[in-house]
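What follows is a single structure, written as structure tokens, with notes after it.
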Amino acid sequence: MLQISDMSTSRIRSLPTHEHARQDAAGQSGVISRQQLLLRGFSDETSRAQLKAQRWSRLLPGVYLTNNGNPTIQAWWWAAHLYAGHASAIAGDSALQLWGVRTASLPVTVEIPHEQQIAVSPTVAPDLVVWRRRTQRPARSLTGLPPAVKLADTVIDLSEQLASRRAIGDLVTSACRSAHASPARIRTALSLRPTVINRAHLEGVLLEIEGGADSVLEIDGVQLVLRPHGLPEGEGQVRSSNRGAAIFHDRLIQEYALVLEFDGALGHDGYSDRIRDHRRDNAVAAAGGQTLRFDWSAVHDTPCETAAIIARVLRQRGWAGIALECGPRCRVNRS
């Protein structure tokens, strides 16, 4: 936030007004508010003159960009925070963007205390979405950015808006790849909130990630294919090496030297990714193991047939178990 320093009147007059404002707004992505300008000794006439001269542009009522370029998304975050007041914090999808989980875009979502009133309408603030909360989420500031709801709390907030376990799994796994969230942090935040929509789905996803799954498809592979059919689940995200390079396997059933890879689009859609996968599979084979790869359709459209394939390979590798039917229409023992 802008720090107001003591500066003599002669110093203020020694530089053009817009240069002073730009210096003061430098730590706020070039954005400054009317209140900050007034505290700094500038008048409303001064602001109007800068706008008329097109040195500044107006982002929101009483919030200005102190240059004539296109505002960055960081500038919009600052504008939203300064317009909504010191008790506000970037929230929702915008918080996910600020924490680096999703690609940044407008509109900006900001959270304010329930009792606070600010003008929000398509004409006044078309790129602003305001959440009012009776109990505000804990916020934190990164260097050069406005306060944002912590990522763990943001995940819980947004999970309540999602309709499927798949969408919740995508949200949680994406957040846990960031340095700003982990299953433990999300669990801690969840424990402080007695009422959470989709709590069961959220806790289920956290359990799978804590067991080693780091992708939605891997989580679904355990929950839809392995577990319902009584197959060994192995360990998730097991590290090994190939010629000194670290590699990770989605699931490793160590006793039978069987590796299961669940290949969603993320991380497997480029030429270099395919080369990496082939080398990883070859390294497993060279060590006497076997790799099976399954895509989204194999996990979601034909989970019973996929379980039957895994069971057959497991038996070939010494497993003495029998696959279980997950329901009356299960084809695991008929595939």
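Miscellaneous remarks
- Principal-axis tilt of helix 73-84 within the chain, Cα atoms, nearest 10 degrees: 60
- Net charge dipole size for region 86-210 [Lys, Arg +1 and Asp, Glu -1 on Cβ; Debye, nearest 20]: 200
- Taking the DSSP beta bridges with both ends in the chain, the antiparallel portion is around 60 percent.
- Reduced Cα scattering model of region 9-73, Debye log10 I(q)/I(0), q = 0.15, 0.27, 0.28 Å⁻¹: -0.39, -1.34, -1.45
- With Cα atoms, 0 to 90° folded angle of helix 271-286 axis to the chain main axis: 30
- Here the peptides 36-49, 227-240, 55-68 are ranked by packing, the mean other Cβ count within 10 Å, and the order with the highest first is 55-68, 227-240, 36-49.
- In this simple spin-label model, placing a label point 7 Å from the Cα along the Cα-to-Cβ direction at both Arg329 and Val238 gives a separation of 3.4 nm.
- Per-peptide average of other Cβ atoms within 10 Å, ordering 73-86, 306-319 highest first: 73-86, 306-319
- Residue-averaged 222 nm ellipticity for the chain, from DSSP H runs of 4+ at -39500 (n - 2.57), nearest 500: -11000 deg cm²/dmol
- Values of log10 I(q)/I(0) for the chain across q = 0.09 Å⁻¹ run -0.64, by the Debye formula with one identical scatterer at each alpha carbon and no solvent.
- Averaging the Cα positions of each part gives two centres, and for region 15-89 and region 137-214 these lie 33 Å apart.
- Value of D in µm² per second that Stokes-Einstein yields for region 216-316, Kirkwood Rh from Cα pairs, at 25 °C (0.890 mPa s): 178
- Taking the longest Cα principal axis of the chain as reference, the axis of helix 199-210 is set at about 70 degrees.
- Highest to lowest packing among 106-118, 209-221, 186-198, scored as the average C-beta count within 10 Å: 209-221, 106-118, 186-198
Every number in this text was worked out from the coordinates using simple rules, so none of it is lab data. These numbers were taken from a predicted model, which means no experiment stands behind them. Cβ atoms come from the backbone with ideal geometry, glycine included; neighbour counts cover every protein chain shown.
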